[in-house]
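J.: Take this structure, written in structure tokens, and hold onto it; I'll ask about it next.
Bear in mind that the values in this text are calculations on the coordinates, not laboratory data. In this text, all values refer to a predicted model and were calculated from it rather than measured experimentally. When we count neighbours, we look across all protein chains shown, and the Cβ atoms used for this are built from the backbone with ideal geometry, even at glycine.
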Amino acid sequence: MPEKMKPYDLHVGDVADAYASWPPPACIISDGAYGIRGFHGDTTDEEGLVEWYAPHIEQWTKAAAPGTALWFWGTEVGWATVHPELKRQGWNYVQTVVWDKGLSHIAGNVNSNTIRRFPVVTEVCVLYQRRLEVETEEGMLDAQQWLRHEWRRSGLPMYLANDACGVKNAATRKYLTNDWLWYWPPGFAVAAMAAYCNQHGLESGRPYFSLDGKTSVVSKQWDRMRHQWHHVHGLTNVWSRPPAA
Ligand SMILES: C[S@@+](CC[C@H](N)C(=O)[O-])C[C@H]1O[C@@H](n2cnc3c(N)ncnc32)[C@H](O)[C@@H]1O
């Protein structure tokens, strides 16, 4: 198989030496320190986990593209401790998955006379996505702020976005809103707003909805900036299966 066709590359050694050669990843899976003295170099508890992860997160952020998915494994308190650092470095929380290892994980290991809490049979795996951040004359904007910023820059009244997208009011109520009703618009809607603003908006501001300042974002490009998702019916955010033997 030619070099570039290899299905994967397994780096053996310190992951810090591998980051520099990473292509932009669609997905990063992290299973590092847990704060449970799990391996030589793990912290003894959640204290110190932020320092442990910070340089790794820095490299993930550097390599990632908008929409890169990150699956972050840990204990509940370990993840909760690192969460603010992930957020700070550009990762948006999507959801928490609980791995339920089942009773076989603790069978024979629980002393009911001394235990003072429930036996632990879980780990968490938390999904994040690298957020889109666009540098503008108003500073760094996230997707919600940037879409609004681009429409306003055109000088057109907001309600015309509904005409642009061919919808009754979804564009103003959802795609361009400032509040919690906002959701990530489909690529065709962003492309439609871009085309409309490029045709009817202030000439001086064209192209609108452009990430490189040269051409407006196209539908597929916009859709790719969200984490990949292939829905499977029946799969939930609780994964029940015993650990590998
Ligand atoms: C929670 S364990 C994950 C184990 C693994 N996923 C498995 O199921 O066998 C964390 C692992 O990360 C390794 N590790 C810690 N720092 C590392 C680094 N800088 N580069 C590569 N591996 C590292 C540890 O030696 C340990 O084996």
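J.: List the aspartates and glutamates whose Cα sits under 16 Å from the Cα of K174, skipping any in the same chain fewer than 8 residues away.
T.: Hits, sequence-local ones excluded: D142, E150, D163.
J.: For D179 and V167, calculate 0.36 nm times their separation in residues minus their Cα-Cα distance, and state this gained length in nm to one decimal.
T.: Stretched fully, the D179-V167 segment lengthens by 2.4 nm.
J.: For the range 169-189 and the range 91-121, write down the distance between their C-alpha centroids in whole Å.
T.: Each part reduced to its Cα centre gives a spacing of 40 Å.
J.: Would you mind checking the tilt of helix 187-200 against the longest principal axis of the Cα atoms of the chain, expressed as 0 to 90 degrees and rounded to 10?
T.: Taking Cα atoms only, the helix is inclined about 30 degrees.
J.: At 0.36 nm per residue, and after removing the present C-alpha to C-alpha distance, how many nm does the segment from S210 to A245 gain when stretched out fully?
T.: Details: separation 35, 0.36 × 35 = 12.60 nm, distance 5.12 nm.
Stretched fully, the S210-A245 segment lengthens by 7.5 nm.
J.: Which lysines does K214 reach when only Cα atoms under 18 Å apart count, and residues fewer than 8 places away in its own chain are ignored?
T.: Excluding near neighbours in sequence, the set is empty.
J.: Length gain on complete extension for the stretch E76 to T122, per 0.36 nm per residue less the alpha carbon to alpha carbon distance?
T.: Additional length available on full extension: 15.7 nm.
J.: Another one. Can you list the GluC sites (Glu not before Pro) in the range 127-166 that are in a DSSP coil and have 15 or fewer other beta carbons within 10 angstrom? Present the calculation step by step, with values, prior to reporting the outcome.
T.: Values: sites: E133, E135, E137, E138, E150; in loops: E137, E138.
Those that pass, being in a loop and sparsely packed, are E137, E138.
J.: Go ahead and run the numbers for FRET between R152 and I36, Cβ-Cβ distance against an R0 of 51 Å, rounding to 0.05.
T.: Details: r = 50 Å, r/R0 = 0.97.
Efficiency at R0 = 51 Å is approximately 0.55.
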